[in-house]
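Step one of this worksheet: look at the structure below.
The values are calculated or read from the model by the stated rules, or taken from the named source; none is laboratory data. Just so you know, these numbers come straight off a predicted model, no measurement behind them. Note: ideal-geometry Cβ built from the backbone for every residue, glycine included; neighbour counts use all protein chains shown.
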Amino acid sequence: MQPAKHYTFEMPDVRLWTEKWCKGKTLNLFAGRTMLRGIDEVRVDIDVNMRADYHEDALEFVRRWRGKFDTIVFDPPYNLRKAKEKYGGRYIGAVRKIKHELPRILNLGGRIISFGYDTIGMGRRRGFEKIAILLICHSGDREDSMAVVERFVQPGLEWEEEGEPLLQTTNCT
């Protein structure tokens, strides 16, 4: 069980799990205030009060970026209510449009770690395969949240990394 926090990575177990899956140069889109430890992290957040390398709209950042990342942490507000709470009602970018742009800035074989209330993630249509799922039980009347790790693959191409489970869960007791 991981009591819910205002920012995802204020939950220690979730932060540690995420750090384990980050490899190489990492884009932390919607970074919030908690830094990932030991990660070569480029932080983006529209809120100028957050510790970020770039303070701008996520979609605009992704569209103008010309480099590549090995990992992308994709942790947007999970719904409109959360967006209004965290960003003072400001528009934070169209999640679907951002997802369409992300493969362009991710190395082949790279990972996207997505957070939300489902495990839809990037999906096969965009060239991704799921390699891990995390269920985050918050207890009480709070909705569970989830994270999914997906690897960017060419259609029909099999990728294997020794020692990494296909599915990983945490105990909610």
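Details
- Residues in region 35-74 that are basic (Lys, Arg) and out of contact with any strand residue (DSSP E or B) (no Cβ under 8 Å at 6 or more places or on another chain): Arg37, Arg63, Arg64, Arg66.
- Checked against (1) without any contact (Cβ under 8 Å) to a residue 60 or more places away in the chain; (2) surrounded by fewer than 17 Cβ atoms within 10 Å (Cβ to Cβ), Gly116 passes all but a single condition, namely (2).
- Selection of region 124-157 for residues being among the acidic types (Asp, Glu) and farther than 16 Å from Ser114 by Cα yields Asp141, Glu143.
- With respect to (1) in contact (Cβ under 8 Å) with a residue 12 or more places away in the chain; (2) out of contact with any Phe, Trp or Tyr (no Cβ under 8 Å at 6 or more places or on another chain), the lone exception for Pro12 is condition (1).
- Test: Lys23 is at pLDDT 95 or above and either closer than 23 Å to Arg142 by Cβ or not β-branched (Val, Ile, Thr) (or both): yes
- Whether a residue is at pLDDT 90 or above and assigned to a loop (DSSP other than H, G, I, E, B) was assessed, and Gly110 does not pass this test.
- Residue list for region 55-99, restricted to those being modelled with pLDDT of 95 or more, crowded, with 18+ Cβ neighbours inside 10 Å and not in a helix (DSSP H, G or I): Phe69, Thr71, Ile72, Val73, Phe74
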